[in-house]
């Protein structure tokens, strides 16, 4: 993959090659060079957020894929000027092209779709629950604090600081299927700098305009999210277990042969491996600590081996319902607990708990900023990123100790092994880059790798 953007922020031309053999690429450069806007543009393109694309200052962007195809975005026409009417201010054109490997070019002018864009029904409900407004007609709202009746766009402009970013949902019915399929083939996950505040889960506060009253710490939301995920895994395990238990007698009676691979050593080895998984599940309160009864300390009879083998097959299938979750839990705890001093992260049915060396429990929201950043970032990467995604991480160094920064990309490699994701990391911290200077792309002419930091 290769990304090329011209006139970003009106002046910068950037090119980012990203080899398919690499797990990550690092974008480095000083503040103001457009690292954040570049990541936002990539995310907005693949999520088809035309509103955000139109708000980012750039002239053109090229997204070239490994098969030789490319998506090209160009902005043409007159820039909007202060005082222009709504129709005039949208005179600038936003055009897409898909260039296919065989030479065919598929164009699409997105400007019309953008002009007809609307807020999603869910976002309109959120605005109504959080702001002093009432719907008057299908498209008009009364601002109770002022008394006038205005469109939803005007309401959003007035209260945008109290709301999450609200992309207009474009009318995409006219987009060529080839362009839509190409963009939807890559899942992008953006992790922004303001990751400690959950801007999506806003609490009812119709009479309040204080942003702090309507925002929930992300670490709290993620704790609730883990509790939900664990509950879903336990429900799935229950369904699988019930089905296997019902059919166990029938399967046992129908299998009368003792196959050569069912040796006593194989049985004891599988039993030991499954007990280790049970031990790990005990740590997240899925199982109690009593464990399984030990196998008899004597040679097993043939009938015992046959029964135990069927039992072990069933147990393996039951335990596999937790396998994916458990692998992520283990790595999350390993990463986070290697950073925390004199405290330990514990995960169970209730979510996150942090316990000090003295046994005192600390709410996750009371952790230091650096500790919350570490926990939130690791959890987001392990649990919220879909397999084979392109993950964009903006300034991972925020609030992280220098020693933690040096381990960040090592953690990324381990996480990539679990979810097969690839990462584009924007930073101006040499500690984040650490030993991976060969994987960097400088975003300002004249700076080359270590020379930038000398």
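Give the range 286-310 a look and list any residue that's touching a residue at least 12 places away in the same chain (Cβ under 8 Å) and either surrounded by fewer than 15 Cβ atoms within 10 Å (Cβ to Cβ) or farther than 30 Å from residue 417 by Cα (or both), or say none.
291, 292, 295, 299, 300, 302, 305, 306, 307, 308, 309, 310 - these are the residues of the range 286-310 that are touching a residue at least 12 places away in the same chain (Cβ under 8 Å) and either surrounded by fewer than 15 Cβ atoms within 10 Å (Cβ to Cβ) or farther than 30 Å from residue 417 by Cα (or both).
Return the residue satisfying two criteria in turn: it lies in the range 404-432 and is assigned to a loop (DSSP other than H, G, I, E, B) and either on the phi > 0 side of the Ramachandran plot or modelled with pLDDT of 95 or more (or both), and of such residues it is surrounded by the most Cβ atoms within 10 Å (Cβ to Cβ).
Only one residue tops the list, namely 421.
Six or more apart or on different chains, Cβ under 6 Å: which pairs go from a residue in the range 232-259 that's without any contact (Cβ under 8 Å) to a residue 60 or more places away in the chain and on the phi < 0 side of the Ramachandran plot to one that's assigned to a helix (DSSP H, G or I) and surrounded by 12 or more Cβ atoms within 10 Å (Cβ to Cβ)? Could you list them?
Close Cβ pairs (under 6 Å, with a partner that is assigned to a helix (DSSP H, G or I) and surrounded by 12 or more Cβ atoms within 10 Å (Cβ to Cβ)) amount to 252/310; 258/306.
Name the strands (runs of 3 or more DSSP E) wholly inside the range 1-74 in which the number of residues that are touching a helix residue (DSSP H, G or I) at 6+ places or on another chain (Cβ under 8 Å) and farther than 18 Å from residue 97 by Cβ is 1 or more.
By residue number, 2-8, 12-17, 24-28.
The values are calculated or read from the model by the stated rules, or taken from the named source; none is laboratory data. In this text the structure is predicted, and so the values were computed from the model without any measurement. Here Cβ is always computed from backbone atoms with ideal geometry, including for glycine, and neighbour counts include all displayed protein chains.
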